[in-house]
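Structure, as structure tokens:
The values are calculated or read from the model by the stated rules, or taken from the named source; none is laboratory data. Computed from a prediction, not measured in an experiment: that's the story for all the values here. Counting neighbours? That spans all protein chains shown, and the Cβs are built from the backbone with ideal geometry, glycine included. Heads up: the accessible areas ignore ligands, DNA and RNA and are worked out on the full protein's heavy atoms, side chains in. Shrake-Rupley method; radii C 1.70, N 1.55, O 1.52, S 1.80 Å.
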Amino acid sequence: MIRTELTRRLGVEAPLVGFNRSPEVVIEVSRAGGLGVLAVTPYTPEQLDAQLTWIEERLDGRPYGVDLLLPAKRVEGDADDYLRSLRAQIPEEHLRFVDGLMDKYGISKAGTTSADNWATSLSPSGVDELLEVAFAHDISLIASALGTPPSWMVTRAKETGVAVAALVGAGKHAQRQLDLGVDILVAQGTEAGGHTGTVSTMVLTPEIVDLGAQAGVPVLAAGGIASGRQMAAALTLGAAGVWCGSVWLSSNEDITPDVVKRKFLAARSTDTLRSPTRTGKPARQLRTVWHDEWEREDAPKPLPMPLQSLLVRDLWEEIDREAEAGEPGAQELASFYIGQAVGSFQRLRPTREITERMIAECEAELRRAGGLLG
């Protein structure tokens, strides 16, 4: 058994956190001895309440956590007014460009409400509603994936015994979170999928570990960690555990469309890029013709967050649906957030198998490393 400050604080058997948007993945990671963490920003408050209830009914008291986007800038106001003001800021040039992409690749213009729901969830009232739902459940950890959390969230968490984690990509970001009073820092290297900075995990982790040590705050390593060997390396860098996201995209339980998973299995580590074209902030994802189109000389510059997401989120839902239905244009465009660890994916496996294999391999590697001394 591997014992660290993380396992002691959260009561888990192994220092491994599994972040995913699929409730089944969260359940299986926690059942296998780690800590499953659900991405909650895509949900409405009602949906989130149902999902967390469903998770808890299947975990029999095992710990789990939630993760949400918390924008650094909070613009006060009614959620509907907030949404209308955002839509009014999207230039006609960008709307025409997206319409042109849909025509070129044969994507249906059938709209959804996903973009509106997502943008609303980033408004102050939307964030606060999701937080209220989360705290109404038996969560063990709540993580801020982007930006510093509101002070009332940290206070509420400490009052209820919930650990607050924050993902950071640079020392200055870590210091802001420490000043706010977070309990755990996650050093997310550029290898990771989703929103990342430019510093590698190998360099970033010990830097954040040193900052955390001054405040008595443990640090998790994230980015490029998809095996027990990489997990062991993170622990020897001083991390109290690892935060893994991309590896679960090669699991059976993950809800990413099969057509995208097949692309992952065929991809190399060099087939990813950091691009703002999905959210407005640089996020690592699988490169496809989508990115080629945005890099054309006549393409507009991606909008800042959350305008870019509001512009393209519904389109991405339609791309996923049509790609799964076999439409060739949608299949060319199809992509998702993924880290450089994608190059190690060989087959789809059950989440529990992935988790148990990583833990066992980590233990073996730590024993082997210990044998080098003598």
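Structure notes:
- Filter result for ASP210 (more than 22 Å from PRO15 (Cβ to Cβ) and surrounded by fewer than 24 Cβ atoms within 10 Å (Cβ to Cβ)): no
- Every residue from segment 344-363 that is within 22 Å of the chain's Cα centre (by Cα) and within 19 Å of VAL242 (Cα to Cα): SER344, PHE345, THR351, ARG352, GLU353, ILE354, THR355, GLU356, ARG357, MET358, ILE359
- Boolean, ALA221 is touching a residue at least 40 places away in the same chain (Cβ under 8 Å) and either part of a helix (DSSP H, G or I) or surrounded by 24 or more Cβ atoms within 10 Å (Cβ to Cβ) (or both): no
- Annotation note: of SER140, SER125, SER108, the sole residue that is at pLDDT 95 or above, open to solvent by 20 Å² or more (accessible area, probe 1.4 Å) and either in contact with a helix residue (DSSP H, G or I) (Cβ under 7 Å, 6 or more places away or on another chain) or of a type outside the set (S, T, N, Q) (or both) is SER140.
- Test for GLU365: is it within 15 Å of MET231 (Cα to Cα) and open to solvent by 10 Å² or more (accessible area, probe 1.4 Å): yes
- Selection within segment 243-277 - free of Cβ contacts under 8 Å to residues at least 60 places away in the same chain, out of contact with any Phe, Trp or Tyr (no Cβ under 7 Å at 6 or more places or on another chain) and of a type outside the set (A, V, I, L, M): ARG262, SER275, PRO276
- Contact map, segment 130-145: residues that are closer than 14 Å to GLN47 by Cβ paired with residues that are of a type in the set (D, E, K, R) and open to solvent by 10 Å² or more (accessible area, probe 1.4 Å), Cβ distance under 7 Å, separation 6+ or inter-chain. Pairs shown: VAL133/ASP49; HIS137/GLU56.
- Flag set for GLN340, criterion: polar (S, T, N, Q), closer than 29 Å to LEU16 by Cβ, touching a residue at least 12 places away in the same chain (Cβ under 8 Å) and touching a Lys or Arg at 6+ places or on another chain (Cβ under 8 Å).
- Scanning segment 50-73 for residues that are modelled with pLDDT under 90, loosely packed, with under 14 Cβ neighbours inside 10 Å and either of a type outside the set (A, V, I, L, M, F, W, C) or in a helix (DSSP H, G or I) (or both) returns a single hit, LYS73.
- Top-ranked residue in segment 159-207 [being open to solvent by less than 20 Å² (accessible area, probe 1.4 Å) and in a helix (DSSP H, G or I); ranked as nearest to GLY65 (Cα to Cα)]: GLN177
- Number of the exception - ARG84 against (1) open to solvent by 50 Å² or more (accessible area, probe 1.4 Å); (2) modelled with pLDDT of 90 or more; (3) of a type outside the set (Val, Ile, Thr); (4) in a helix (DSSP H, G or I): (2)
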